[in-house]
Structure formats: structure tokens, C-alpha cells
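Presented below is the structure to which this report refers.
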Amino acid sequence: MALNRDFVGRAYTAPTPYEVSRVKIKEFATAIGDTNPIYVDRAAAAEAGHPDVVAPPTFPIVFSLASAGEAFADPELGLNYAMVVHGEQRFEYQRPIYAGDQLICTSTITEIRSVGRNEFLTVQGDVTTPEGELVCRTYNVIVERGGAA
Amino acid sequence: MAATVKYDEVTVGQAIPAVEFPVHRVDLVKYAGASGDFNPIHWNERFAKSVGLPDVIAHGMFTMAQGGRFVTDWAGDPAAVVDYGVRFSSMVVVPDDDKGAVITVSGIVEEKLEDKRVVVVLTAKSGDSRVLSKARAIVQLS
């Protein structure tokens, strides 16, 4: 079933900020097998000029899709999640993410298109502080296999 | 931010040597927990096959993270990666055996930008398949 194009332009904002913790950064770094001390050791991070431990470049995936998840689960969209694979992903940083950051992600569905038998859905995430400072922008394309058939 | 690589010492076309990143089923379980992506195609062989996949496949984001490791290890400071994007062009199939799969990542400095930034283009392969395409990072050098 084709995805509902009415969802293009809809934006979803997380109701509460995501708090970046040292423990979560350490868990994520461990899961990707990365032993860089700047992810876990405040002294090593300070030596590299950082106020606290730094999050790995792909860390925002942990929280940036939470608000779009609401849209994905909406039966009106018509997404069969079992057939979803990840198409593209990009992170564009204004500054690094540090432990202690409070981050709010606003996810906007910017495009839905058919390519062959598949449906492609693009979500842009604007990650800001509660004060409105843009920290990172994320771009996520998911592919529903067979969705356009 | 303090990348250990100096902009003036980098040349366009410079190769960054390949690194192999092994992947086993347990890595996908750990990644599912850490990322919150519990899609069963990444840990349940029965489910993966029922939706037409050859076997359990790695999270695309796990593969992207290995490419990220490759770039941050080269740069010397993870915060030096100011832009990182990929297209997932093929699946990393992770069999339930002792070998698992291997993701091999290599890179080339494609372009030198202003403000001591460079574009690094990555190649990521698993077996004979290119698992990432259009994989590109902008790195802030010293």
C-alpha cells in the first residue's frame, strides 16, 4: 500500500528534552566497539578541549527518531514496519554533543516518494537546546520494501 | 576541538588505509539495546527470513557507526567530524556462526575545503558487496 502523502510537511516535537548522559554515551560507544577515551573519560575529553565527554557522530539516532516514531505508528500513514529498512542517514553538526546536553528534536516529514516497488520517506530532525540553539540536523530516509507495489 | 591530523599535511587523493570491523550476532543485540532499535530483522533469524531476508542483517546504523569509528580514529578527535552521511546500498548479513561478518572500511581525502576542513569519502564492504555508498564525512582538521 502506498504511503499517505498527506503526511508530507507534518512536524513532530518531543514533549520533553532528551538528556544526554555519560552512562548512555558509554553504553553506545561500547555497543559500536569504540574504545576512544574521549567518549568515556572526562580527563581525556578535557585534554582534547571539551567541557565533558563527547557523543559519537551517530549518537543522535538514539533520540532523534523518537518523535517521528509517532508518525510511523499512525495507521493513517500506512507504513508496514516489518518491511522497513534504512535507506540513508546524515548528521550535520553545528557543534559536538556533550554529556549534560538537553536536546529537543523536531522531526519533519519532508518527502515521500516511490522508487520502483519501494516507498521512500525522508525525515529531517532539527536538534536544538531548550534555548533554541541548533546543535545538529539529522536526515533520515527509510525504505518500505514493496510498499509501492 | 583538536584533531591530531594537520590540514597542511593532508593531500587530495590521500588514501586512509583499510580497517576491518568484525560483526557477530551479539554485537547486534548490544547495538539494539544501546540504540533502542529492536526491529527483529536484526536479531531474529526466523522473523528475518519470514520477511524475505536471507538471514539476520546488521542495523544500517551499526555499519554507519563503524565508518564513523574509522573517521574519528583517523582524525584523532570524534568532535572533528562535523558532517557525516551515508546511503545504505547493501545489507550486511550476519550468520549465526563463530565467524559472523566483517565490514571493511577504507577512505580517501577527496577535497580540501576552507577553514581547515576536508571531505573524506569512505568505502565500506562486506564480502563482495559495497554496503555503504555516497559515504562522506567532513572533518575539521588542525
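Please provide three numbers in whole Å: the alpha-carbon extents of the range B:21-69 along the principal axes, with the largest listed first.
For the range B:21-69, the Cα spread along each principal axis is 33, 19, 15 Å.
Along Cα→Cβ, 7 Å out, is where each label goes; now give me the distance between the ones at B:R87 and A:A82 in nm to one decimal.
Rounded to a tenth, the inter-label distance reads 2.9 nm.
Quick one: what do you get for chain A if you divide its Cα Rg by 2.2 N^0.38 Å?
Its radius of gyration relative to the 2.2 N^0.38 Å reference: 1.16.
Report, as an integer, the average count of C-beta atoms from other chains found within 10 Å of each Cβ along A:55-63.
6
Kindly provide the helix-only [θ] at 222 nm of chain A, computed as the sum of -39,500 (n - 2.57) over DSSP H runs of four or more divided by all residues, to the nearest 500 deg cm²/dmol?
Counting only the DSSP helices, I get -4500 deg cm²/dmol.
Quick one: 3J(HN,Hα) in Hz for the range A:79-89, Karplus 6.51/-1.76/1.60 with θ = phi - 60°, rounded, Gly and Pro as x.
Per-residue couplings from phi come out as 8, 8, 5, 5, 9, 8, 10, 7, x, 9, 8 Hz.
Which lysines have a Cα less than 17 Å from the Cα of B:K99, not counting those fewer than 8 places away in the same chain?
Here the lysines satisfying the reach criterion relative to B:K99 are B:K125.
Give the calculated FRET efficiency between B:V119 and A:V23 to the nearest 0.05, with a Förster radius of 41 Å applied to their Cβ-Cβ distance.
That pair, B:V119 with A:V23, gives E of 0.75.
With N set to the residue count of the protein assembly as shown, report its C-alpha Rg divided by 2.2 N^0.38 Å to two decimal places.
The reported ratio for this selection is 0.98.
Identify the trypsin sites (Lys or Arg not before Pro) of the range A:39-122 meeting these criteria: DSSP loop state and at most 13 other C-beta atoms within 10 Å of the C-beta.
Passing both the DSSP loop test and the Cβ count: A:R117.
Reachable aspartates and glutamates from B:K112, Cα under 12 Å, same-chain residues fewer than 8 places away excluded?
Hits, sequence-local ones excluded: B:D8, B:E9.
Check each of the chymotrypsin sites (Phe, Trp or Tyr not before Pro) in the range B:1-110 and keep only those in coil by DSSP with at most 13 other C-beta atoms within 10 angstrom; list them in order.
Answer in residue order: B:F38.
What are the trypsin sites (Lys or Arg not before Pro) within the range B:77-130 that DSSP puts in a loop, where the Cβ has at most 13 other Cβ atoms within 10 Å?
B:K99
Take A:E111 and B:V10, extend 7 Å from each Cα along the Cα→Cβ direction, and tell me the distance between the two endpoints in nm.
The answer from the label model is 2.7 nm.
Using only the Cα atoms of the range B:14-142, what semi-axes does the equivalent ellipsoid have when each is the square root of 5 times a gyration tensor eigenvalue? Give whole Å, largest first.
Three semi-axes, in Å: 29, 14, 12.
Along each principal axis of its Cα atoms, how long is the range B:66-142 end to end? Whole angstroms, biggest number first, please.
The Cα atoms of the range B:66-142 stretch 46, 21, 15 Å along the principal axes, largest first.
Rounded to whole Hz and in sequence order, give me ³J(HN,Hα) for the range B:90-98 from the Karplus expression 6.51 cos²θ - 1.76 cosθ + 1.60, θ = phi - 60°, writing x for Gly and Pro.
Residue by residue, the range B:90-98 yields 7, 7, 9, 7, 10, x, 8, 9, 6 Hz.
Can you work out ³J(HN,Hα) from phi for every residue in the range B:42-53, in order, using Karplus 6.51 cos²θ - 1.76 cosθ + 1.60 and θ = phi - 60°, giving whole Hz and x for Gly and Pro?
Once rounded to whole Hz, the list reads 9, 8, 10, 4, 4, 5, 4, 5, 5, 9, x, 8.
Within chain A, what's the longest run with no GluC sites (Glu not before Pro) in a DSSP loop and at most 15 other beta-carbon atoms within 10 Å? Give the range, please.
With a cap of 15 other Cβ atoms within 10 Å, the longest stretch comes to A:1-75.
All of the numbers you see were taken from the coordinates with simple rules; none came from a lab. If you're wondering where the values come from, they're calculated on a predicted model, not measured in any experiment. Glycine also receives a Cβ, built like all others from the backbone with ideal geometry; neighbour counts cover every protein chain displayed.
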